[in-house]
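Reviewing the structure listed below.
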Amino acid sequence: MEIPVYLFTGFLEAGKTRFIQETLEEPGFNSGENTLLLLCEEGEEEYRPERFFAGHVFIEVVEEEEDLTTELMQSLLAQYSAERVIIEYNGMWNLSTLYGSMPDNWLIYQEFLFVDARTIMLYNENMRQLVYDKLKTAETVVFNRCDRKLMEEKNQDGLSLKFRFHKLVRAANRKSQILYEYGPEDVEPDTFPDPLPYDMNAPVITVKECDYAEWYRDINENQDAYDGKKLHIKGRLMNGGEIPADRFVFGRHVMTCCVEDIQFAGLAAKWTQAAADFDNGQWVEITAEIRIEDDELYIDGRPGPVLYCKEVTPCDPADPEVAEF
């Protein structure tokens, strides 16, 4: 049986407890199902189970990240015959700990990230990797404790605080819903447009050097939109080893969060001429047709973007060489 998991993330005192409390007070959500509430941190605000609309909510505390194991989750589920799970996750723990330990039949139904608008930029400056870790998978991001006047104030670059919040989220996740909460009954949805920095309807999609990271993320998230499109782009050619002479991996190093997480972000490419004539790691500009299909260079076995190159020419390195969002 599939077990729905409602995941609430955010740093200490970000508003997770209050939201979960209010949710469990709602008859539309809590009609008496056996619910396991896993608390991975405890802040100043405490739960008031007597106010839940129905009972059958069983609260368990997990104090250490290493204690969050598959065995623990399975045993607690069995102990309470739980039909669903709510997790208030510790903002200082990596989500990979949870994802890697969840039983196979536990499925994330919704993932909310709660953010204190007064402190998030400080967290982002000092713990960027943990902030990014929570942003990248959140279905909904709620900035609470917002001050309407401060949200509209602009910095020296002419950007309002609200727009900087928008950019913070979009650097990690293009699909999440963003909400700004000014009070209990005063919630405003984010309305900033998110156009791609290149023309998807052009005869040839031309991706600028500064837009590689955005392009790479979008082509992986929205593969079908690129099927059959023509592309001109700069990157590095990786060949040799077990890669056939008429094939290579095209890509660039991308920094999604911080220096520690720089990785090569590439796609399978086919070249009717000898890709082996190029040096491994050489910078090239390619013109190619994109096809979404199975390819042996993708280890997960699922269809992915394959670049059928029409032209491959050497070029100078991108500036900067590491792409960023």
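The values are calculated or read from the model by the stated rules, or taken from the named source; none is laboratory data. All figures in this text were calculated on a predicted structure; none of them were measured in a lab. Cβ sites come from the backbone with ideal geometry, for glycine too, and all protein chains shown count toward neighbours.
One residue stands out in segment 270-286 among those that are outside any loop (DSSP other than H, G, I, E, B) and under 34 Å from the mean Cα position of the chain (by Cα): the one that is farthest from residue 236 (Cα to Cα), namely 270. The single condition from (1) touching a helix residue (DSSP H, G or I) at 6+ places or on another chain (Cβ under 8 Å); (2) loosely packed, with under 12 Cβ neighbours inside 10 Å; (3) of a type in the set (Val, Ile, Thr) that residue 191 fails is (1).
Has segment 102-117 got any residue that is part of a helix (DSSP H, G or I), farther than 19 Å from residue 18 by Cα and out of contact with any Ser or Thr (no Cβ under 8 Å at 6 or more places or on another chain)? For segment 102-117, residues part of a helix (DSSP H, G or I), farther than 19 Å from residue 18 by Cα and out of contact with any Ser or Thr (no Cβ under 8 Å at 6 or more places or on another chain): absent.
One line per residue, one yes/no per condition, for (1) acidic (Asp, Glu); (2) touching an Asp or Glu at 6+ places or on another chain (Cβ under 7 Å); (3) touching a residue at least 60 places away in the same chain (Cβ under 8 Å); (4) on the phi > 0 side of the Ramachandran plot:
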| position | (1), (2), (3), (4) |
| --- | --- |
| 21 | no, no, no, no |
| 25 | yes, no, no, no |
| 44 | yes, yes, no, no |
| 49 | no, no, no, no |
| 85 | no, no, yes, no |
| 93 | no, yes, no, no |
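Criterion first (of a type in the set (A, V, I, L, M, F, W, C) and under 22 Å from the mean Cα position of the chain (by Cα)) does residue 72 satisfy it? Against the criterion (of a type in the set (A, V, I, L, M, F, W, C) and under 22 Å from the mean Cα position of the chain (by Cα)), residue 72 does not qualify.
Contact map, segment 286-302: first residue in the same structural domain as residue 269 (by TED's automatic domain parsing), second residue part of a loop (DSSP other than H, G, I, E, B) and modelled with pLDDT under 95, Cβ cut-off under 7 Å, separation 6 or more or different chains; pairs are 292/303; 293/303; 294/303. Among the conditions (1) under 15 Å from residue 243 (Cα atoms); (2) in contact with a His (Cβ under 6 Å, 6 or more places away or on another chain), the only one that residue 287 does not satisfy is (1).
Please tell me if residue 260 is outside any loop (DSSP other than H, G, I, E, B), at pLDDT below 95 and surrounded by 18 or more Cβ atoms within 10 Å (Cβ to Cβ). No; evaluated as a whole, the condition is false for this residue.
The set of residues in segment 283-325 that are under 19 Å from residue 253 (Cβ atoms) and of a type in the set (A, V, I, L, M, F, W, C) comprises 283, 284, 286, 297, 307, 315, 318, 322, 323, 325.
From the list 244, 197, the lone residue that is in the same structural domain as residue 303 (by TED's automatic domain parsing) and either modelled with pLDDT of 95 or more or outside any strand (DSSP E or B) (or both) is 244. Scanning segment 149-185 for residues that are surrounded by 13 or more Cβ atoms within 10 Å (Cβ to Cβ), outside any loop (DSSP other than H, G, I, E, B) and aliphatic (A, V, I, L, M) yields 151, 161, 168, 169, 178, 179. Within segment 314-321, identify whether any single residue is in a loop (DSSP other than H, G, I, E, B), assigned by TED's automatic domain parsing to the domain that holds residue 225 and surrounded by 14 or more Cβ atoms within 10 Å (Cβ to Cβ), and answer yes or no. Yes, that holds for at least one residue. Cβ-Cβ contacts under 6 Å between residues 6 or more apart (or on different chains), taken from a first residue in segment 111-122 that is at pLDDT 95 or above to a second residue that is in a strand (DSSP E or B), are listed as 111/7; 112/8; 112/140; 113/9; 113/141; 114/142; 115/143; 117/143. Quick check, is residue 46 in the same structural domain as residue 133 (by TED's automatic domain parsing), modelled with pLDDT under 95, surrounded by 12 or more Cβ atoms within 10 Å (Cβ to Cβ) and assigned to a loop (DSSP other than H, G, I, E, B)? Judged against the criteria, residue 46 is not a match. Hey, can you tell me all the residues within segment 1-19 that are touching a Lys or Arg at 6+ places or on another chain (Cβ under 7 Å) and over 15 Å from residue 29 (Cα atoms)? Hits for segment 1-19 are 3, 8, 9, 10.
When the test is whether a residue is in the same structural domain as residue 128 (by TED's automatic domain parsing) and either under 25 Å from residue 126 (Cα atoms) or not in a helix (DSSP H, G or I) (or both), residue 60 passes it.
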